[in-house]
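Every number in this text was worked out from the coordinates using simple rules, so none of it is lab data. The structure displayed is predicted, hence computed values, not measured ones. For neighbour counting, all protein chains shown are included, and Cβ atoms are generated from backbone atoms with ideal geometry for every residue, glycine included.
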Amino acid sequence: PTKNIQRNASMATAMASSQHSVRSRSRLSCVAVATALVFAFKAKWGFVASDGSAQLPAPAVACRREFLAVAAAGAMAIRAPAAHAVEDIPDNLPTVKTKSGLKYIDVKVGTGNNPKPGTKVRVDYSMYTFNRFGPIMLDRTKDRNEPYSFVVGNTSIIEGLSEAVSTMKAGGVRRVTIPAPLAYDDPTKEPQPKAFDTYQRFKNAYLNPNRNTKPDLLLDLRLYSFEGS
């Protein structure tokens with residue numbers, strides 16, 4: 001009986017040890033996969049919490065295979081960031097800073113009058129934000145072959161765009177750096193990217209309530225002729 005008790009005790013100990021080992025490996029596997037997923041989402045979609053950590057969206061990924069697929073996509077995003085160089089402009093052009101904090105460089109000064117508040121104008125723009133990889137293109141009207149129309153001073157338009165255009169002339173080309181307070185202080189303000197993938201980048205950069213600081217917005221503008229120009 002004593003030997004049976006000892007044997008049973010040894011078997012119980014071995015089973016407990018085995019189960020502990022399996023649970024430990026399972027925990028490690030889950031931690032590894034979850035960590036990969038966090039970095040994948042942070043790299044590919046850039047969900048960032050106020051403390052700078054990745055913030056996962058609400059829907060859960062169903063299986064480990066999907067976890068690993070997303071992690072692989074994140075790794076690809078780290079190796080090949082979606083950075084796009086802004087168009088080159090001459091280095092000797094002066095930068096003007098207004099009282100509001102807006103900065104602009106006139107690449108080409110147009111002719112005629114400046115558009116007054118209430119004037120409907122059309123512009124071509126290239127919109128960029130910035131991250132650690134450099135400038136990221138968010139939207140470009142030329143890709144749609146459709147200039148953007150708006151009324152100068154309309155409160156539904158980001159303040160920085162109205163201010164920048166109000167001192168331009170028809171035919172002018174200007175590079176504008178808009179600080180966050182003059183951009184998307186209201187999430188409904190326009191213009192906003194239309195494509196799904198670039199809108200997600202835009203949303204995370206400017207409409208994310210968990211983000212403490214927002215990057216500057218860069219716009220390359222070309223102003224077309226308008227009534228009164």
Burial-style ranking of 124-132, 189-197, average other-beta-carbon count within 10 Å with highest first, yields 124-132, 189-197
FRET efficiency for Lys108 and Arg144 from the Cβ-Cβ distance with R0 = 25 Å, rounded to 0.05, comes out at 0.65
Lys116 and Thr167 label points (each 7 Å along its Cα→Cβ direction) are spaced in nm at 2.0 nm
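Sorting check: for 157-166, 90-99, 208-217, which peptide has the highest mean count of neighbouring beta carbons within 10 Å, and how do the rest follow? Walk me through the intermediate numbers first.
Details: 157-166: 21.6, 90-99: 8.6, 208-217: 14.4.
Per-residue Cβ counts within 10 Å, averaged per peptide and sorted highest first, yield 157-166, 208-217, 90-99.
Quick check: residue separation of Thr95 and Tyr199 times 0.36 nm, minus the Cα distance between them. What number comes out in nm?
Details: separation 104, 0.36 × 104 = 37.44 nm, distance 2.91 nm.
Here the segment from Thr95 to Tyr199 would lengthen by 34.5 nm.
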Along principal axes, largest first, the alpha-carbon spread of segment 74-229 in whole Å comes out as 52, 34, 33
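Longer than 22 Å from Cα to Cα, which of Lys120/Lys142; Lys169/Lys203; Lys169/Lys214; Lys97/Lys203; Lys116/Lys169 are they? Say none if no pair is. Don't skip to the answer; put the middle values down first.
Working: Lys120/Lys142 19 Å; Lys169/Lys203 31 Å; Lys169/Lys214 30 Å; Lys97/Lys203 27 Å; Lys116/Lys169 11 Å.
In this structure, Lys169/Lys203; Lys169/Lys214; Lys97/Lys203 exceed 22 Å between Cα atoms.
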